[in-house]
1. Answer yes or no: is there a residue in segment 48-63 that is open to solvent by less than 10 Å² (accessible area, probe 1.4 Å) and either within 16 Å of the chain's Cα centre (by Cα) or under 20 Å from Ser210 (Cβ atoms) (or both).
2. Here are some conditions: (1) part of a loop (DSSP other than H, G, I, E, B); (2) out of contact with any Leu (no Cβ under 7 Å at 6 or more places or on another chain); (3) more than 16 Å from Leu206 (Cα to Cα). Gly35 meets all but one. Which one does it not meet?
3. Do we find a residue being over 25 Å from Thr171 (Cα atoms), among the basic types (Lys, Arg) and not in a helix (DSSP H, G or I) anywhere in segment 137-149?
Amino acid sequence: MTAGFQLGVIGSLTLSVASSVAIVICNKALISTLGFPFATTLTSWHLMVTFCTLHVAQRLRFFEPKAIDGQTVVLFGLLNGTSIGLLNLSLGFNSIGFYQMTKLAIIPFTVLLETIFLKKRFSETIKFSLLVLLLGVGIASVTDLKLNCLGSVLSGLAIATTCVGQILTNTIQRKLKVSSTQLLYQSAPYQAAILFSTGPFVDHLLTGRSVFAHKYTFPVVGFIILSCLIAVSVNFSTFLVIGTTSPVTYQVLGHLKTCLVLSFGYTLLHDPFNARNILGILVAIFGMALYSVFSVREGKKKTAGDALPVSQMPDKETEPLVATKDNSDTKKANGVAHDC
């Protein structure tokens, strides 16, 4: 692993964290303060602006587009768009606690799928660090586990589509030798299309309000534009992180964002915070530190010719982006998915 590659990975991780926290702040103001709860439709606008921005960048020769098999791109784009919609539906039909469990389940299911279908091996130390991480995030963010049949089905589908979509993001970039920018440029229109066509219906189902009947004041329009611009960075950094690291690493990074958002909510917004939240964040940070140490250690072994590979695997938001206090406004903010 060269020094240049290491700097690239650090840069992509930093960009992902900074842009995700920034969009959480923006979306919280838009949804909670300004009363714009249409998360799925907003996500489709994010993706359309991302595509338009990349198209301009391509025309200005900032990157060269690379042709990818049409069927692969369409299926990949539709899968990722569907996973975002399902995550929003899962949030709408489940309690905050069960939704958090859904997000936590993405890591072990991703590991399971890569182990079974891609024959990748994960050391016991990596598995242990992921267990510590999940335990910490669970302590900090899971509040209740109210179950219902429809919500459980939606969560299962959300987990499956998110895991497969994230694994494909990594696999396509590596096997077809395309950059994160090239893949995002090719797939963004299809992700935007499926969310744009289903977003108003999904949002009406979740909020009982129509996005077309909303009063678009100057502040609302301003924050929508700002959210879309930040989303360009979020989407780009998501593909960049998955391509340069792995799906599991991206999920670990997502939980770091969760801890940062919880801390942000407490320090700046004075959200309710207790000893359990603090303990969970500390345990999660410890788990992330272990994962980082073990990943670097195994990466050096792999570079030296060791037979045991490091996990090469990430949200959207997809993921959804935030996991904060248990109230309806926050649930809506959470719905703006990974990947925006």
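1. Taking every residue of segment 48-63 in turn, at least one turns out to be open to solvent by less than 10 Å² (accessible area, probe 1.4 Å) and either within 16 Å of the chain's Cα centre (by Cα) or under 20 Å from Ser210 (Cβ atoms) (or both).
2. In the conditions (1) part of a loop (DSSP other than H, G, I, E, B); (2) out of contact with any Leu (no Cβ under 7 Å at 6 or more places or on another chain); (3) more than 16 Å from Leu206 (Cα to Cα), Gly35 misses (3) alone.
3. Yes: segment 137-149 contains one or more residues that are over 25 Å from Thr171 (Cα atoms), among the basic types (Lys, Arg) and not in a helix (DSSP H, G or I).
For (1) part of a helix (DSSP H, G or I); (2) open to solvent by less than 50 Å² (accessible area, probe 1.4 Å); (3) under 20 Å from Arg297 (Cβ atoms), each residue gets a yes or a no:
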residue: Leu75; (1), (2), (3): yes, no, no
residue: Asn88; (1), (2), (3): yes, yes, no
residue: Gly92; (1), (2), (3): yes, yes, no
residue: Tyr99; (1), (2), (3): yes, yes, no
residue: Thr102; (1), (2), (3): yes, yes, no
residue: Ile106; (1), (2), (3): yes, yes, no
residue: Glu114; (1), (2), (3): yes, yes, yes
residue: Ser129; (1), (2), (3): yes, yes, yes
residue: Leu133; (1), (2), (3): yes, yes, yes
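The values are calculated or read from the model by the stated rules, or taken from the named source; none is laboratory data. These numbers come from a predicted model, not from an experiment. Every residue, glycine among them, receives a Cβ derived from its backbone with ideal geometry; neighbour counts consider all protein chains shown. Keep in mind that these areas ignore ligands, DNA and RNA; they rest on the heavy atoms of the full protein, side chains included. Shrake-Rupley method; radii C 1.70, N 1.55, O 1.52, S 1.80 Å.
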